[in-house]
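This report concerns only the one structure given below.
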Amino acid sequence: PRLSFGFAVRNAIGVAIPLAAGVLADDVPAGAVAGGGALIVGFADVGDTRRHRAAAMLATAVLGAISTLVGDLISESEVGALFAAGLWGLGTGLLVAGGPITGVIGLSATVGLIVFAGSTTGPHAPLELAGFALAGGVFQSAIAALVPTRSGYPTHPHPFSYLRESIATAISWADPIGRHAVRLGLALSAATAVYRVLPVDRGYWIPITVLFVMRPEAGRTRTRIVQRFLGTVLGLLVLTLLVSLFEPGDLALALLCAACTVPAYAYLWIDYTRFNAGLAA
């Protein structure tokens, strides 16, 4: 992997425009949901060719919209939230068997489910929110097609038959990815239960952290826990200081949010601490 700031800036612009549009239209929730859709789709912008990258991004946009819809529908149900978190976690773990592209697609969709199962979304109906998320994801995909700046992660997509066979092989307790999928599903359900029992504001960050740090290898999981902690503290300290000093208005805050995605995109495959700093900010 190599640094690619052109790719990061382009995807940050794809996030900034929906956020700014929401502020200008006096509908911040809609802009935030569309910007979130664009955010997760940008992470799926990996692959050897423009066609492969477009397919991965559009798949993420569709799955992210479905996850948004399901998350909002179950947000008032404790049992539904626990079950969905576990099911999506199991699926995300199994998609790791297909390689980094399908792994990123599964992770991105699960983020959408967790966020909308654990947050209030204002006056919009679930289908409207799903539509906003899909629109943001498609918009990000369109920008990527028009300005084909490639990510710094070289990866070759596999045919669908490879994914099907890999998942079939992984559905076994003897397979490390199969065990990882079960652990991830159980851990996401447990993390969801924790923040729903305790009075934690924006507690969905607990299962999101579990989702980000858990890997099939115990050593990588432990390393990511440390990197996640350091990056989160760094990002929050820097942005809290900036917001306190300059007190930006809604539009400036939206653009600042989008600017924070530049290090998140640029360092995703390079430096997990800096990636988390940008994402947390």
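The values are calculated or read from the model by the stated rules, or taken from the named source; none is laboratory data. Just so you know, these numbers come straight off a predicted model, no measurement behind them. When we count neighbours, we look across all protein chains shown, and the Cβ atoms used for this are built from the backbone with ideal geometry, even at glycine. Heads up: the accessible areas ignore ligands, DNA and RNA and are worked out on the full protein's heavy atoms, side chains in. Shrake-Rupley method; radii C 1.70, N 1.55, O 1.52, S 1.80 Å.
Go ahead and set up a Gaussian network model of the chain, Cα springs under 10 Å, then flag whichever of VAL182, VAL197, VAL28 fluctuates most.
Of the options given, VAL197 has the highest mean-square fluctuation.
Normalised by the number of residues in the chain, what is the relative contact order in percent for Cα pairs under 8 Å and 6+ residues apart?
About 28 percent, as a whole number.
Normalise the Cα radius of gyration of the chain by 2.2 N^0.38 Å (N = residues in it) and let me know the number.
0.95
Over segment 186-256, what is the mean sequence separation of C-alpha contacts under 8 Å (at least six apart), divided by residue count, expressed as relative contact order in percent?
19
Work the Kirkwood hydrodynamic radius out for segment 203-245: mean of 1/r over every pair of different alpha-carbon atoms, inverted, in Å.
About 11.5 Å, per the Kirkwood formula over Cα pairs.
If you take the beta carbon distance between HIS52 and ARG179 as r and set R0 to 22 Å, what does 1/(1 + (r/R0)^6) give as a FRET efficiency, to the nearest 0.05?
Efficiency at R0 = 22 Å is approximately 0.15.
On average over all directions, what projected area in square nanometres does segment 170-218 have, based on the convex hull of its Cα atoms?
3.5
Pop the C-beta distance of LEU24 and ALA145 into the FRET formula with R0 = 22 Å and round what comes out to the nearest 0.05.
Working from the Cβ atoms, E equals 0.30.
Per the Kirkwood formula on distinct C-alpha pairs, the Rh of segment 5-93 is how many angstrom?
14.6
Please give the peptides 230-241, 11-22 ranked by average Cβ packing (other Cβ atoms within 10 Å per residue), highest first, as a rough proxy for protection.
11-22, 230-241
Which of the trypsin sites (Lys or Arg not before Pro) across segment 135-209 are loop residues per DSSP, with 13 or fewer other Cβ within 10 Å?
Sites meeting the loop and neighbour criteria: ARG202.
At 1.4 Å probe size, with every protein chain present, just tell me what the per residue accessible area of segment 139-281 comes to in Å².
With all protein chains present, segment 139-281 gives 55 Å² per residue.
Taking just the alpha-carbon atoms of segment 11-54, what radius of gyration and Dmax come out, in angstrom?
For segment 11-54, the Cα-based Rg and Dmax read 12.2, 40 Å.
Mean Kyte-Doolittle hydropathy of 1.6 or higher plus an axial Cα length of 20 Å or more: which whole DSSP H helices in the chain meet both?
Span-like helices here: 5-24, 28-43, 100-117, 250-266.
Using a simple spin-label model with points 7 Å from Cα along the Cα→Cβ vector, what separation in nm is obtained for ASP271 and GLU247?
3.3
Quick one: Debye curve from the alpha-carbon atoms of segment 63-159 only, equal weights, vacuum; give me log10 I(q)/I(0) at q = 0.20, 0.24 Å⁻¹ to two decimals.
One equal scatterer on each Cα of segment 63-159 leads to -1.01, -1.19.
What number, rounded to the nearest 500 deg cm²/dmol, is the helix-based mean residue ellipticity at 222 nm of the chain, given -39500 (n - 2.57) per DSSP H run of at least four residues and division by all its residues?
-25500 deg cm²/dmol
Using only the alpha-carbon atoms of segment 127-217, report the extent along each of the three principal axes, biggest first, to the nearest angstrom.
45, 39, 28
Cα extents of segment 152-281 along the three principal axes, largest first, in whole Å?
Here the Cα extents, ordered largest to smallest, are 54, 41, 26 Å.
In the chain, carbon and sulfur make up what percent of the accessible area (probe 1.4 Å)?
The C+S portion of the solvent-accessible surface of the chain is 72 percent.
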